[in-house]
Amino acid sequence: MTNKRYLIETWGCQMNEHDSEKISGILRSLGYKEAENRNNADLIIFNTCLVRENAELKVYGNIGELKRLKRKNKDLTVAICGCMMQKKEVRDVIREKYKQVDIIFGTHNIHKLPELLENYRQSDNMLIDVWEDSGEIIEQIPTKRKYDYKAFLNIMYGCNNFCTYCIVPYTRGREKSRNPEEILKEVNRLAKEGFKEITLLGQNVNSYGKTLNSKMTFAELLRKINEVDGIKRIRFMTSHPKDLSDELIYAIRDCENICKHIHLPFQAGSNKILKLMNRKYTKEQYLDLMYKIRQEIPEIAITTDIIVGFPNETEKDFEETLDVVRKSRFDSAFTFLYSVREGTPAAKMENQIPDKVKHERFQKLLDTLHPISYENNKRTIGKTFDVLVEGVSKNDDTMYTGRTGTNKLVHFKANEEFIGKIVNVKINSVKTWSLQGEIVD
Ligand code: SAH
Ligand code: SF4
Ligand code: F3S
């Protein structure tokens, strides 16, 4: 046991956020306590992301800043983990240029952290231990969750889709589904502990079960989780359009506790670009899917991810993206400039798009998306939604925020006692990014 303090800083997606909760749980089981900031930490861990270049650059900048801290505190241990560390080229750069780093580990051996810390203590050289892929799924890793009313839960790991722009299959390994019994055990445990909302995580949750002997589908899993008493909200991400079945649409429609929200990235509107991206659906198939979902579940919110400036994207191709946006009426969208990722097929494609063109298209995309989000939000005025209260608003400490089942951010007057509770909020006014209302009975 130790009385040392740790600090974890996390970049990237919810998968990484949840991995950090596991790292936190492991360190606590070793007796570590959480530090308030970098200055009073004995162990600093960066959990990194490299999905786009800017994510990667931020991490290098932050590792650079640790040099000064390390000079001040000779006992400080610095560990870097996460997706960036799965790339040999990145590890080589750190080994050569960032001597302030003590330990490097990857996305597949988080559970080995106690051993790594012990081995490092005995050696004093930079310790690098990264696995190419995971073997069996490791269950029962202690987890210190960030919130006590909402929780992330892995239902699968890795990705087999190999979208040509994306580095994730190379950093997270091959797709593996967790056993349904283990998932249900965890859901039941969370319900007993008082959690109200769970988010099921996977790079493509719709292909859940394909690697299992029992061949359970995602829709079947959802129906089982819906039966668990106490869990009021079930969220999941991400859904790949190519694998979204009717069976799943019906499960979302029928199950009371499943949030009426789907995150359904379409990435690009042109069939030529979709093919080059290896997305395995056409614009028409995506739009048909969207109409079908809306027909079955009229109140559903649909959000998406869009990439602009993929290699070979012409003005006409980009217009197809805008066309999908106009027809789909997304509630919101994450928008990205295509970023070259070494090691992916798209990085080697000819006809890369100049930055200036990417930025112009990006702006046009936002100008198309924002009025649609605003219009969608306007339709909520006068309606009442159940909202899970999360905390004090960032800009105004008399206001609290929470999310609707459809994942819209809502501001309203409340007090501390409401945090973690589900309340009814009537919407009075809206902006592009949020709704404002009041708690009603
Ligand atoms: N598995 C999820 C999430 C993948 S990463 C999914 O398939 O949706 C999240 C988003 O980042 C992707 O949906 C994509 O829009 C974006 N992204 C991934 N690689 C990118 C790249 N090289 N350049 C720009 N955006 C990228
Ligand atoms: Fe990346 Fe595509 Fe896998 Fe998502 S489905 S993680 S975008 S390769
Ligand atoms: Fe997530 Fe970034 Fe890895 S988006 S899976 S943390 S590369």
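The values are calculated or read from the model by the stated rules, or taken from the named source; none is laboratory data. It should be emphasised that the depicted structure is a prediction, and the values quoted were computed from it without experimental measurement. Note that we place each Cβ from the backbone using ideal geometry, even for glycine, and neighbour counts take in every protein chain shown. These area figures cover heavy atoms from the full protein model, side chains too; ligands, DNA and RNA do not enter into them. Shrake-Rupley method; radii C 1.70, N 1.55, O 1.52, S 1.80 Å.
The residues of segment 4-31 that are open to solvent by less than 30 Å² (accessible area, probe 1.4 Å) and of a type outside the set (G, A, S), listed by number, are Y6, L7, M15, N16, H18, D19, E21, K22, I23, I26, L27. Taking the conditions (1) surrounded by fewer than 16 Cβ atoms within 10 Å (Cβ to Cβ); (2) in a strand (DSSP E or B) in turn, P298 satisfies each one other than (2). When you check I262 against the structure, is it in the same structural domain as P169 (by TED's automatic domain parsing), surrounded by 19 or more Cβ atoms within 10 Å (Cβ to Cβ) and under 22 Å from the mean Cα position of the chain (by Cα), yes or no? Considered against the rule, which asks whether it is in the same structural domain as P169 (by TED's automatic domain parsing), surrounded by 19 or more Cβ atoms within 10 Å (Cβ to Cβ) and under 22 Å from the mean Cα position of the chain (by Cα), I262 comes out as yes.
Cβ separations smaller than 6 Å between residues 6+ apart or across chains give no pair from segment 238-251 residues that are more than 14 Å from Q285 (Cβ to Cβ) to residues that are part of a loop (DSSP other than H, G, I, E, B) and within 16 Å of ligand 3 (Cβ to nearest atom). Against the definition (among the charged types (D, E, K, R), assigned to a helix (DSSP H, G or I) and either touching a strand residue (DSSP E or B) at 6+ places or on another chain (Cβ under 7 Å) or within 22 Å of E375 (Cα to Cα) (or both)), how does R253 come out, yes or no? Judged against the criteria, R253 is not a match. Consider R68 carefully, then state whether it is more than 16 Å from ligand 2 (Cβ to nearest atom) and either modelled with pLDDT of 95 or more or not charged (D, E, K, R) (or both). The answer is no for R68. Note on segment 344-372: residues that are among the small types (G, A, S) and open to solvent by 50 Å² or more (accessible area, probe 1.4 Å) amount to 0.
This table checks each residue for (1) at positive phi; (2) touching a residue at least 12 places away in the same chain (Cβ under 8 Å); (3) in a loop (DSSP other than H, G, I, E, B); (4) not hydrophobic (A, V, I, L, M, F, W, C).
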{"site": "E350", "(1), (2), (3), (4)": "no, yes, yes, yes"}
{"site": "Q363", "(1), (2), (3), (4)": "no, no, no, yes"}
{"site": "S373", "(1), (2), (3), (4)": "no, yes, no, yes"}
{"site": "V387", "(1), (2), (3), (4)": "no, yes, no, no"}
{"site": "K394", "(1), (2), (3), (4)": "no, no, yes, yes"}
{"site": "G402", "(1), (2), (3), (4)": "no, yes, no, yes"}
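If we scan segment 163-171, do we find a residue that is under 18 Å from the mean Cα position of the chain (by Cα), open to solvent by 50 Å² or more (accessible area, probe 1.4 Å) and farther than 24 Å from I252 by Cβ? Checked segment 163-171: at least one residue is under 18 Å from the mean Cα position of the chain (by Cα), open to solvent by 50 Å² or more (accessible area, probe 1.4 Å) and farther than 24 Å from I252 by Cβ.
To keep it simple, each residue is scored yes or no on (1) of a type outside the set (S, T, Y); (2) within 16 Å of ligand 3 (Cβ to nearest atom); (3) modelled with pLDDT under 95.
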residue	(1), (2), (3)
E193	yes, no, no
T199	no, yes, no
G202	yes, yes, no
R223	yes, no, no
D229	yes, no, no
R233	yes, no, no
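The residues of segment 130-158 that are surrounded by 17 or more Cβ atoms within 10 Å (Cβ to Cβ), modelled with pLDDT of 95 or more and not aliphatic (A, V, I, L, M), listed by number, are T143, R145, Y149, K150, F152, N154, Y157, G158. Here Q436 clears all of (1) exposed (fewer than 14 other Cβ atoms within 10 Å of the Cβ); (2) more than 18 Å from I300 (Cα to Cα) except the condition numbered (1).
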